[in-house]
Amino acid sequence: WATWTSGYDWQTWYGQTYVNFPPLFGHQYSHCWIDFRTIQDAYMQSRGITYWENSRRATLAQRAYCIANPLSRIGYGANLWGLTASDDPYVGYQAHGAPPAQNDNGTLTPTAPASAIAIAPGAVIPVLHNMYDTYPQLWSTYGFKDAFNLGLNWFDPEYIGIDQGPIVLMIENYQTGKVWERFMRNSWVQTGLARAGFVPTVGVGDPAPVGASLEMAPPSPNPARE
């Protein structure tokens, strides 16, 4: 574990200092299962934060990047952001990220903000409302389509399961915390965390409470919402 953490890249972007990894999936997938809000390993102890707080900072930094929009991409702003690995109108599939910009060609991905809902709900929920209310092409039978690019007027016709999964899991964690609760009971998980040096901590960051409502409108009876 010490060898793994020795490769971390600690950076500051848009007023947020954190272990940098531009695509947001790197700051989300482990959080689907493990409740990092009140535990630290040696690396995070040395930085005075948790992985939860680290991911919150990464999320807010990406939002700030899209507000600044240094590459002048169409549509980017406070209520429209989300760069992560996804389908791509140019190359089929590609990892997008920021900051710093990594393959930022204007392609946004609903799973990027949606999977951060349990981490930074105040920044995320307005984005989900905006995507759902403004772009009916993004929503159909199984929820949000995988990606879109307003500069090209391109809306992905497909869903990707690995992107849909974190949306569902993190909404559940945001609303009830039940995925975390059940997963963290597993003895193998606890043994693994202990061997990696994780210990309890309090008073770090600003973890969102569970039990909140997403307050999203239900989908239209017509999947195409025409």
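The values are calculated or read from the model by the stated rules, or taken from the named source; none is laboratory data. On a predicted model such as this, the values are computed, not experimentally measured, just so you know. Glycine gets a Cβ as well: all are built from the backbone with ideal geometry, and neighbour counts include every protein chain shown. Ligands, DNA and RNA are excluded from the accessible area calculation, which covers all protein heavy atoms including side chains. Shrake-Rupley method; radii C 1.70, N 1.55, O 1.52, S 1.80 Å.
Working only within region 14-50, note down all residues that are farther than 24 Å from ALA194 by Cα and not hydrophobic (A, V, I, L, M, F, W, C).
Quick first cut of region 14-50, residues farther than 24 Å from ALA194 by Cα only: 14-17, 20-25.
Within region 14-50, TYR14, GLY15, GLN16, THR17, ASN20, PRO22, PRO23 qualify.
Do any helices (runs of 4 or more DSSP H) entirely within region 130-226 hold 3 or more residues that are at pLDDT 95 or above, open to solvent by less than 70 Å² (accessible area, probe 1.4 Å) and under 17 Å from THR111 (Cβ atoms), and if so, which? Break it down into steps so the answer makes sense when it comes.
Values: elements: 161-175, 178-184, 187-195.
Of the helices (runs of 4 or more DSSP H) lying wholly inside region 130-226, those with at least 3 residues that are at pLDDT 95 or above, open to solvent by less than 70 Å² (accessible area, probe 1.4 Å) and under 17 Å from THR111 (Cβ atoms) span 161-175.
Scan region 123-143 residue by residue and report those that are closer than 17 Å to LEU24 by Cα and touching a helix residue (DSSP H, G or I) at 6+ places or on another chain (Cβ under 8 Å). Can you show your working first?
Going through region 123-143, the residues closer than 17 Å to LEU24 by Cα turn out to be 123-125, 127-128.
Selection gives ALA123, VAL124, VAL127, LEU128.
If I filter region 78-93 for residues that are within 19 Å of VAL127 (Cβ to Cβ), modelled with pLDDT of 95 or more and of a type in the set (Phe, Trp, Tyr), do I get at least one hit?
Looking for residues that are within 19 Å of VAL127 (Cβ to Cβ), modelled with pLDDT of 95 or more and of a type in the set (Phe, Trp, Tyr), one finds at least one in region 78-93, hence yes.
Among the numbered conditions (1) under 24 Å from TYR159 (Cβ atoms); (2) over 13 Å from the mean Cα position of the chain (by Cα), tell me where ALA78 comes up short.
Unmet condition: (1).
Kindly indicate whether ALA116 is small (Gly, Ala, Ser), closer than 20 Å to ALA147 by Cβ and touching a strand residue (DSSP E or B) at 6+ places or on another chain (Cβ under 9 Å).
No; evaluated as a whole, the condition is false for this residue.
Counting only residues that are free of Cβ contacts under 8 Å to residues at least 60 places away in the same chain and either in contact with an Asp or Glu (Cβ under 7 Å, 6 or more places away or on another chain) or of a type in the set (Gly, Ala, Ser) (or both), how many does region 152-167 have? If you could, list the steps in order and put the result at the bottom.
Residues of region 152-167 that are free of Cβ contacts under 8 Å to residues at least 60 places away in the same chain, as a first pass: 153, 155, 157, 159, 161-162, 164, 167.
Those left that are additionally either in contact with an Asp or Glu (Cβ under 7 Å, 6 or more places away or on another chain) or of a type in the set (Gly, Ala, Ser) (or both): 159, 161.
The qualifying residues number 2.
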